[in-house]
Amino acid sequence: MTSPGRPSLGIGLIGYAFMGAAHSHAWRTAPRFFDLPLHPRMAVLAGRDAAGVAAAADRLGWAATETDWRRVLERDDVALVDVCTPGHTHAEIAIAALDAGRHVLCEKPLANSVAEAEAMAAAAERAAARGVMAMVGFTYRRVPAVTLARRLVAEGRIGQIRHVRAQYLQDWIADPAAPMSWRLERDKAGSGALGDIGAHIVDLTQFITGERLTGVSALLETFVHQRPLPAATGKLSGVGGDETGEVTVDDAAVFLGRFTGGAVATFEATRFALGRKNAIRIEVNGSAGSLAFDFEDMNVLEFFDGSEPAETAGFRRIIVTEPGHPYVAAWWPAGHGLGYEHGFTHQVVDLLTALAAGEQPAPSFADGLQVQRVLDAVERSAADRSTWTDIPS
Ligand code: SOE
């Protein structure tokens, strides 16, 4: 038993696809590498397909299964519900769990709309008054290099922020023959690249700068409007067995932004950057220095110190694997590096640490609501062509 003598906390996870697997890995791994104030007990995994969820529970390390998420909220062995389901189910599940007195961790984006996110934030506020907490799962902020960037900005090492530049580039649907999925249906996903990966760079840039976006001007684009249905099912909900399904979300989002401190920003989130699989790039330019992060080189933070004499100045590569760097001491010796999955483990560590201290975990549902408002502003800006200036041919 890890965390010996520590109180345990029963976890119920709903959903066992990509995020369910990543969260399961984190619940299992966190107590093995961190001295946690609460020991997470992997009590139950929920999924609609009995055989599928049983196999997943066995593979991912869950003690029991349920095929109805509502039963998870009724179980005495569940004190925290982890929501890893498609976006259109987040609000119903998270609000029901909070109202049932269960802490909640909900995957990003918080919801599919501002209205849903507001209802979730209100439920979280009610629950917090009873000591029941909620967190939204933006894990990239828990990459050590990203947390280090936030610290350097907070210490004033780059001065007044002038520019923020953020990209999130994928290419998994750049091929028109890539089949339909729930992520391409507005009623399931809420939006496309904007909410799925754009939400990450909105959270990341606000986390690193410590500032908030105050306004945006945007373009959204859908490059491929019809896609083949998945061969396995031949049907998608609402599509009566036709050969193709309609893509009802954006494939790419490009937007400008301004931050509370006056910095100007550019954002790009796309699933059509052929050759880029999961490329997150953030650069922040300040009056006294710059920082740059590239998830494809995720154990490095580039830092330009403007106080250096021009003859020796330059971006230096900080290898963020020293014991004094965020989270790293629990893992490997300097230079060995961490991966994508460690952000999820760090999320569990931070969540359990906050719960044990009776504190609000970050990011809260209120933080998730603010990101949702940015996404909504991007969609409203993109829908208003009055600000677009055509070039006379
Ligand atoms: C798909 O775009 C996805 O799985 C996102 O949903 C995740 O949030 C991101 O971390 C990886 O890509």
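The values are calculated or read from the model by the stated rules, or taken from the named source; none is laboratory data. Every value quoted in this text rests on a predicted model; they were computed, and no experiment measured them. Neighbour counts are summed over all protein chains in view; Cβ atoms, including those assigned to glycine, are modelled from backbone coordinates with ideal geometry. Just the protein is used for accessible areas: all its heavy atoms, side chains included, with ligands, DNA and RNA removed. Shrake-Rupley method; radii C 1.70, N 1.55, O 1.52, S 1.80 Å.
Structure above, values below:
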read-out	value
Stretch gain in nm, segment residue 58-residue 287, where the contour uses 0.36 nm per residue and the Cα spacing is subtracted	77.1 nm
Cβ charges +1 (Lys, Arg) and -1 (Asp, Glu), total dipole of the range 1-104, debye	280 debye
Whole-Hz ³J(HN,Hα) from phi, Karplus 6.51 cos²θ - 1.76 cosθ + 1.60, for the range 265-277, glycine and proline x	9, 10, 10, 9, 10, 8, 10, 10, 8, 3, x, 9, 8
The range 8-139, relative contact order in percent, only Cα pairs under 8 angstrom and at least six apart counted	23 percent
Protein accessible area in the chain, 1.4 Å probe - carbon and sulfur %	53 percent
In order through the range 160-166: 3J(HN,Hα) via Karplus (6.51 cos²θ - 1.76 cosθ + 1.60), integer Hz, x for Gly, Pro	6, 6, 9, 10, 10, 10, 9
Calculated [θ] (222 nm, deg cm²/dmol) that DSSP helices of n ≥ 4 give over the chain, each run adding -39,500 (n - 2.57)	-9500 deg cm²/dmol
Global form of the range 315-393, assessed from the alpha-carbon gyration tensor, a/c cut-off 1.5	oblate
In nm, spacing of pseudo-spin labels at residue 51 and residue 373 (7 Å Cα→C-beta vector)	4.8 nm
Contour minus Cα-Cα distance for residue 244 and residue 331 (0.36 nm per residue)	26.6 nm
Alpha carbon convex hull of the chain, volume per residue in cubic angstrom	167 Å³
Computed over the range 142-384: relative contact order in percent, which uses C-alpha pairs under 8 Å that are six or more apart	27 percent
Unit charges on C-beta of K, R, D, E only; dipole of the chain, Debye	620 debye
Distance in nm between pseudo-label sites at residue 317 and residue 294 (7 Å out along the Cβ direction from Cα)	0.9 nm
Leading residue at positive end of dipole, the range 142-384 (Cβ point charges), from 197, 333, 266	333
